[in-house]
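The values are calculated or read from the model by the stated rules, or taken from the named source; none is laboratory data. For clarity, every value in this text was computed on a predicted model and none was experimentally measured. Cβ coordinates were reconstructed from backbone atoms using ideal geometry, including for glycine residues, and neighbour counts include every protein chain displayed.
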Amino acid sequence: MFELFTDSEERGQVGIGTLIVFIALVLVAAIAAGVLINTAGFLQTQAQSTGEESTEQVSTNLVFLSATGNVSSNEDGVNEVKTTVQLGPGSSSIDLNDSTVSVFTDAGSSAEFNGVEDGEGTSGAIYLDGQTNTVLSTDSSDSDATATIVFDLDGNQSNGDSITPDQFDAGTTVDIVITTAEGTQAETSFIIESPLDPQLSAGDEIRLD
């Protein structure tokens with residue numbers, strides 16, 4: 001009439017319930033571990049990428065070596081400026097055509113150029129002096145380790161780029177800033193001597209400091 005359960009049967013029921021709970025906990029832990037592993041992998045990749053970008057921004061830089069100017073036909077200023085640049089120590093390669101070049105004077109004129117054209121048949125306001133490769137190489141033995149940028153103030157600027165004055169007058173302070181594609185900046189500043197040496201003639205080259 002009455003069904004009797006032994007202690008062993010009761011212990012068996014409790015054991016199955018505990019096993020089910022244990023399996024559930026294992027599954028939950030496995031899922032959580034998978035989520036944590038994926039998240040950690042994503043964060044590691046993001047941190048590595050951020051570190052590489054930060055390192056490149058710090059290490060990628062240019063150094064200005066020298067600047068010269070050509071005396072204008074009026075012999076009271078310069079109508080062409082050449083400045084030579086090279087990679088800074090430890091810098092990676094830089095494409096000058098992907099850089100932004102800004103020119104400012106204390107007279108209030110300014111100009112900004114999106115990249116530097118190569119020197120092959122160009123008629124722009126800014127271009128490389130005789131070089132067809134706009135990339136500065138990290139190989140120090142390469143002929144493209146340095147580059148000379150020409151600013152033509154009164155030339156035939158058919159591409160629309162221009163610098164407002166047709167010459168930098170004697171006594172003018174000029175600032176040139178090059179911003180690389182990585183966001184680093186290199187800057188140089190010089191003053192056109194005033195007055196110019198009276199022995200100079202149109203077309204003569206002078207050093208700018």
If you check SER93, SER102, SER66, which single one turns out to be in contact (Cβ under 8 Å) with a residue 12 or more places away in the chain, in the same structural domain as ALA181 (by TED's automatic domain parsing) and under 24 Å from ASP204 (Cα atoms)? SER66
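Yes or no, residue by residue, for (1) among the β-branched types (Val, Ile, Thr); (2) within 29 Å of the chain's Cα centre (by Cα); (3) assigned by TED's automatic domain parsing to the domain that holds SER92; (4) on the phi > 0 side of the Ramachandran plot:
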residue	(1), (2), (3), (4)
ASP169	no, no, yes, no
ASP175	no, yes, yes, no
THR179	yes, yes, yes, no
GLU182	no, yes, yes, no
LEU196	no, no, yes, no
GLN199	no, no, yes, no
Any chance you could count how many residues in segment 65-85 are surrounded by fewer than 16 Cβ atoms within 10 Å (Cβ to Cβ) and in contact with a strand residue (DSSP E or B) (Cβ under 8 Å, 6 or more places away or on another chain)? 5
Inside segment 83-130, can you point out the residues that are on the phi > 0 side of the Ramachandran plot and out of contact with any helix residue (DSSP H, G or I) (no Cβ under 7 Å at 6 or more places or on another chain)? GLY108, GLY121, GLY130
With the checklist (1) touching a strand residue (DSSP E or B) at 6+ places or on another chain (Cβ under 6 Å); (2) modelled with pLDDT of 85 or more; (3) not charged (D, E, K, R) in hand, flag the one item SER110 doesn't pass. (2)
Which one of these does GLY160 not meet: (1) on the phi > 0 side of the Ramachandran plot; (2) modelled with pLDDT of 85 or more? (2)
Can you list residue pairs whose Cβ atoms sit under 6 Å apart, with the first residue in segment 177-198 being outside any strand (DSSP E or B) and the second being aromatic (Phe, Trp, Tyr)? Count only pairs 6 or more apart in sequence or on different chains. ILE192/PHE168
